């Protein structure tokens, strides 16, 4: 494992942009590369963290290959502050609004965890804007059992409780929650989490619990590649494989890692993204090795 310098170091200067009718968010853009006419990458981060935390360590390697854009999603980091309850559909609309603002007609949408759910919604609502989709450590649904439903119900109830508190009390309560949740992670993760809107963050958890693409994901038309985290304790491998099988994915890449792979400054993360993106570019139908062929293989 390489060093743990803050992932914001070395990133391009962030830009604050306004999304019409929605609010404003912070964007990192490597800029167009004159050497590459290939579609840019639009990176969609996971729940609780911001874009630099999720993709900061990989940004240099990705931007050496093509233009890369990432932004803080709805309620996270310095992202749009919701005027009503957070929804994944709103997050997908934000993604298209960022492309519009930057004048990008089509992009390869790369979604990690929650970002993978958002990427599926983008591919469903705006397939013409997707040169391809890379799904990473994500699922068709995040809630399978009664136990799952009870756990995700806590986020909905927590959001309502925090929303009813005075701002100072809400911030103190959220601070305690964040400190407890971030104990096992690098120290900068806590600062990242505390930038978020507390109510929106819990709402996002509830929205993930309600997400289910199983009835429509097989109809997605953009080419899809998949990165599978084989030791994932947050999004179980069987759920990842179920989604890959439903999509009929042939471009697959396995990484022997847990869900925190992006924040561990592990070069395998960037390599996995590039391998699957290049597979989409080639569109040759040749599977990449390493993904079990069925859900049963991961159980």
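Pairwise Cα separations in region 81-141 fall into 10 Å bins from 0 onward with the following percentages, short to long: 23, 55, 21, 0.
Residues 276, 138, 87, ranked from the fewest to the most other C-beta atoms within 10 Å, line up as 87, 276, 138. In the elastic network of the chain, a GNM with C-alpha springs shorter than 10 Å, the most mobile of 214, 84, 187 is 84.
Result for the chain in a Gaussian network model with C-alpha springs under 10 Å: among 95, 164, 131, the largest mean-square fluctuation is at 164. Taking each residue as 0.36 nm, the span from residue 146 to residue 9 lengthens on full extension beyond its C-alpha to C-alpha distance by 45.1 nm.
In the elastic network of the chain, a GNM with C-alpha springs shorter than 10 Å, the most mobile of 76, 45, 278 is 278.
Mean projected area of the convex hull spanned by the Cα atoms of region 66-186, taken over all viewing directions: 9.6 nm².
A P(r) calculated from all alpha carbon pairs of the chain, with 5 Å bins opening at zero, reads 1, 5, 12, 17, 20, 18, 14, 8, 3, 1, 0, 0 percent.
Throughout, read-outs are computed from the coordinates displayed, never taken from laboratory work. Since the model is a prediction, treat every value here as computed from it, not as a measurement. Quick reminder, even Gly has a Cβ in these numbers, built from the backbone with ideal geometry, and neighbours come from all protein chains shown.
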